[in-house]
1. Put +1 on the Cβ of each Lys and Arg and -1 on the Cβ of each Asp and Glu in the stretch A:485-590; which of A:S504, A:I560, A:N488 then has its Cα farthest toward the positive end of the dipole?
2. In whole Å, what is the distance between the alpha-carbon centres of the stretch A:284-309 and the stretch A:142-212?
3. Any aspartates and glutamates with Cα under 13 Å of the A:K607 Cα? List them, leaving off those in the same chain fewer than 8 positions away.
4. Can you work out ³J(HN,Hα) from phi for every residue in the stretch A:189-206, in order, using Karplus 6.51 cos²θ - 1.76 cosθ + 1.60 and θ = phi - 60°, giving whole Hz and x for Gly and Pro?
5. Taking H placed 1.01 Å from N in the peptide plane, check which residues at least 5 places from A:R206 or on another chain put their amide H under 5 Å from its amide H.
6. Give, rounded to the nearest 20 debye, the magnitude of the charge dipole that chain A has about its Cα centre when Lys and Arg contribute +1 at Cβ and Asp and Glu contribute -1 at Cβ.
7. Check A:R57: other-chain or 5+ apart residues with amide H under 5 Å from its amide H, H built from backbone geometry?
8. Quick check: from the Cα gyration tensor, does the stretch A:262-365 come out rounded (a/c under 1.5), prolate or oblate?
Amino acid sequence: MARSGRGRLDPRRDRARAAHAGAGAGGRARGRAGRLIGYRARLYCGSRFLSLRIRMRTTKLLLATVKETPADAEVISHQLMLRAGMIRKLAAGLYTWLPLGLRVLHKVERIVREEMDRAGAQEVLMPAVQPAELWQESGRWEQYGPELLRLQDRHQRDFCFGPTHEEVITDLVRRELKSYRQLPANFYQIQTKFRDEIRPRFGVMRAREFLMKDAYSFHIDAASLKETYAQMYDTYSRIFTRLGLQFRPVEADTGAIGGRASHEFHVLADSGEDAIALCDRCDYAANVELAPALPPLGKRAAPGTALMTVDTPGAHSIEEVSRHLKVPPERTVKTLLVRGTGGVVALVLRGDHELNPLKAERLPAVAKPLVFVTPGEVEVATGCEPGSIGPVGLRIPVIADESAARLADFVCGANVNGRHLINVNWGRDLPEPIVADIREVVDGDPCPSRSGECQGKLRIRRGIEVGHIFQLEKKYSEAMQASVLDENGQAVVMTMGCYGIGVSRVVAAAIEQNHDANGIIWPDAIAPFTVALVPIGYQKSDAARTATDELYRALIAAGIDVLLDDRNERPGVMFADMDLIGIPHRIVIGEKGLAAGTVEYKARNQKQVESLPLRAVGEFFRTRSAP
RNA sequence: CGGGGUGUAGCUCAGCCUGGUAGAGCACUUGCUUCGGGAGCAAGGGGCCGGAGGUUCAAAUCCUCUCACCCCGACCA
C-alpha cells in the first residue's frame, strides 16, 4: 500500500458519484432487457469496472489463444500475453498489440489520463522523431550512447527516435511561456518511445519500442517544483492503486535523466529486474543502488595472533578461499581494483558483501563511470593475478567499506599468486584505510532511516519499475535557456520536474502479479472484458440462446464490458479460454439452471461457483464489492 | 561487443552424426459420433527444410559465407 492516505485513494467514492451522474445512461435498453436486470441497473454506469463500453462476441473477435508455451518466452507475463493472444512479436523488442491486448492497454491509458487530468496536467502530443539540434543543445547527443536510435533524412540531416522528450518540451515551453503568471504548468503525453536496449527481453516488459506516459512540469522556483512533485507522488499512488496493483514508491537514483530528488514506483514481483530494500518496521523503501549501509555497531576487536602467509593453490574466489582455509566469508576480504582519478585505486569489501558501483562512483578518488582495471594492470599494481590480490603492501590508495574496516584477524590475498594472508589487522600489518560506505545492503541490515532510530531490518525484494518521478531542477532549462519574467521583470530560468509511467510495462507487471496455472487473472479495472458470458449449447438450445442474448443486452445496457462466447465449442474449451485471457467474472448459462431460473457465477480469482437467479444478475454486479 | 545455441508445416519439435528427394503432436478443412474443464474416429489441405554459394550422380543432412532469433557474459580478485 502506498504511503498516501487510503481514504483519498478509495475508488468507492468515485463509484458513488458516478452512479448519480450516470442516470439515464442505459436509456435505450428499456423493455425486456431492462426488466430482466432491473431498471435501477441503468443508473450504474460502470465506474467500478471502468467501462470502455466494450461488447463483443468471440466469433467476431480475434481470439488468438494457443495451448503451447512459446519457446523463447522466459517470464510468465510474456508467456501468458502470447498464449492469451494479446501480443505478437514482429522483431526483437517490437510487438504488435492484438485486439485483446490493446483493450487492456487502453484501460491503463484511461486511468492514467483521468488521474493526470485530475491533477491539472494538460495533455499534448509531441513528435516521436526529434531533430539532433535539440539534443546537441542539451548535450545529450554525445552523452546518450547507442541506446539512442539515430536517423538521417534524405538531406542527411540528423534525427533521433525519441527515448524521452525533455528537449522537445523545453523547446516548446521556452517559446510559449513568457511570464511567471503562467506557472506552474505541467504537460503530459502518452506516446510511443524507442530505446535501443542492448538485450530486449521479457516481452513488453523490456521492449525497444514501448508506450509511455511522460509529463514535464515547469516552475518559477524550487518550492513550486516540490509542491507539484508531491502532487505527482500522490497521483502516481492513486493511479497504481486504481490499477489494482501491489506497489511501493522507493527512493531512487536519477541516472541518465539527471536532477536531484527522485522516486521510483515498483510493482512487487519476484521476477522484477530491480532489487529494492524495504524496512520491516517503518515506511523506508529505496532502490538497493541507493540504500545506505550503516556502519557496524561497536568497536573493532584487538589484533590476535601474528600475520601469516599460507598457500592457497587454485583458490581464487572468496568461496574457494573460504572453503580451503575453513574461514567464513565474513572473516575474509576482497580487493577490487578500479580506475581512479589519479591512477589505480583498491576497493576493499568483506568477502560476503558486494560492491555498490553507484556509491563507489561518488567517491572523489574513483573515476566515473566505474571501470575495473584489466588483468594486465592488476599485475602491474600488485605483482599478482586477480584472485590473489590483497590490501597489504599496496602503494595505491586503499578504500575500505565500513564493514571491512571493522574486521580484525581477517584473511586476504597476499599479492603473490596462490597465496593468502591470515590474521591480518588494519593499523598493525597495513595502514588504516580510507573508510567509506561502498557496499550493497543485504537482507537483515539495519534500516538507515533517521540513522537507524526505527530499529527495523531491511528486507530485499524484487520489483518492476513502472513509474519514476524526478526533480530535474534546471538541468535542461539552463542548457536550453528556458526562462520567464518574474514579478520584477527579471528573466528567471525555470525549474523542472519530470514524471514517467511505463504504460505497456504496467500491463506485463499486472500479469506478473496476478496469474495462476490457468492463465491471467485481471484486476477489474484493466480487464479486457469485465464479464464473460458462457452459454452451454448456444447453437442448439433456444432457451439458452434466448436467455443469454437477453442477459448480454442487459449487461451492455448496464455499461458493463461483456464478452459473449458464442462459439460452437465444447464447454471445456470455452472455460479454458476465458480463464487464460483472465476475464474476472464468468456467468455460465445452461438449460439445467434455466429450468430453475438460475445461472452460474464464478469469479476468476475464487474456486467456488455460486448459483444466481437470472433476474438477480444486474443487482449482483451492482452491489458486489470489487474482489 | 565476446562466448554458446537454434533456424524443418501456423505452433511445439523429430529427422542431420552415418547424403537417396520430409515426419509427429497440436492447429486448420470436411463428415460422423460426442457435448459442464482444452473430445473420438475417418478423410483431407499445408513445408522449394532461413538465404546464397560450393562438394556430390544425388544435399534438410557435408563445407563456406550470410541473415535472423534465443541464451550467457560488463562483480574472478
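Taken together, the values in this text are just the output of simple stated rules run on the coordinates, not laboratory data. Computed from a predicted structure; not experimentally measured. FYI the Cβ positions are ideal-geometry reconstructions off the backbone, even for glycines, and counts take in every protein chain you see.
1. Farthest along the dipole direction, towards plus: A:I560.
2. If you average the Cα positions of each part, the centres end up 43 Å apart.
3. A:D516, A:D579
4. Karplus-based 3J(HN,Hα) across the stretch A:189-206 equals 8, 10, 7, 7, 10, 9, 10, 7, 4, 4, 9, x, 7, 6, x, 6, 5, 10 Hz.
5. Sorted by chain and number, the residues that satisfy this are A:R201.
6. Values: 85 positive and 77 negative charges, 620 e Å.
Roughly 2980 debye, rounded to the nearest 20.
7. Long-range HN contacts for A:R57: A:L564.
8. Prolate.
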